[in-house]
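Q: Here it is: the structure, laid out below.
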Amino acid sequence: MIITPLTGVDIGVAAKAIHALLGVMLDAKSVTPAEWVALRTLGTAPGRVSQPSLRDGLVLALDIEPADATAVLCALEDRGLLEYDTYEQVGLTAAGQLQYDELHAGVIAMTAELYAGIDASELATTRRVLATVTARATELRSQL
């Protein structure tokens, strides 16, 4: 039996399938992927986050322009999901926390279903391999 090596295509196909699944869940709640990144950032932060830091984080994570990141935050604010204090610190409102909690629970359930029946040692090996490939790709890119 010939076993072909794992390729970037294999990784990309899996990532795209998972991203599409997440998209269906987000669409059901009328949340864009960019809004989910902002909600997740705020939902996992130990406290409020500075608006510039949150905006810059969105720019880096989503590869978008600062104006687009600001628009994401404005949309969430308009829907009553986040609020600012007088020091430009951003936090989730009660409605925003509820939205985050519901989506996070959905992600946890989805993840559990995706990985059900896969041996823990295989998952650990996969994580190690992907971390190694990521590090090598970053190193090779820096050499170009």
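Q: Given the conditions (1) touching a residue at least 40 places away in the same chain (Cβ under 8 Å); (2) closer than 25 Å to residue 14 by Cα; (3) aliphatic (A, V, I, L, M); (4) not in a helix (DSSP H, G or I), which single one is not true for residue 64?
A: Every listed condition holds for residue 64 apart from (1).
Q: On to the next question. Which of the residues spanning the stretch 97-126 are in a helix (DSSP H, G or I), more than 17 Å from the chain's Cα centre (by Cα) and within 18 Å of residue 14 (Cα to Cα)?
A: Listed by number, the residues that qualify are 113, 115, 122, 123, 124, 125, 126.
Q: Residue pairs, Cβ under 6 Å, 6 or more apart or interchain, first in the stretch 92-117 and among the hydroxyl-bearing types (Ser, Thr, Tyr), second in a helix (DSSP H, G or I) and modelled with pLDDT of 95 or more. List them.
A: What qualifies is 100/39; 100/43.
Q: Scan the stretch 48-64 and give yes if some residue there is loosely packed, with under 11 Cβ neighbours inside 10 Å, more than 11 Å from the chain's Cα centre (by Cα) and polar (S, T, N, Q), otherwise no.
A: No, because not a single residue in the stretch 48-64 is loosely packed, with under 11 Cβ neighbours inside 10 Å, more than 11 Å from the chain's Cα centre (by Cα) and polar (S, T, N, Q).
Q: Just give me the residues in the stretch 1-49 being over 23 Å from residue 104 (Cα atoms) and polar (S, T, N, Q), in sequence order.
A: 4, 7
Q: Within the stretch 84-96, is even one residue more than 24 Å from residue 111 (Cβ to Cβ), part of a loop (DSSP other than H, G, I, E, B), hydroxyl-bearing (Ser, Thr, Tyr) and at pLDDT below 95?
A: Yes, there is a match, as at least one residue in the stretch 84-96 is more than 24 Å from residue 111 (Cβ to Cβ), part of a loop (DSSP other than H, G, I, E, B), hydroxyl-bearing (Ser, Thr, Tyr) and at pLDDT below 95.
The values are calculated or read from the model by the stated rules, or taken from the named source; none is laboratory data. Everything quoted here is computed from the prediction, not taken from an experiment. Cβ sites come from the backbone with ideal geometry, for glycine too, and all protein chains shown count toward neighbours.
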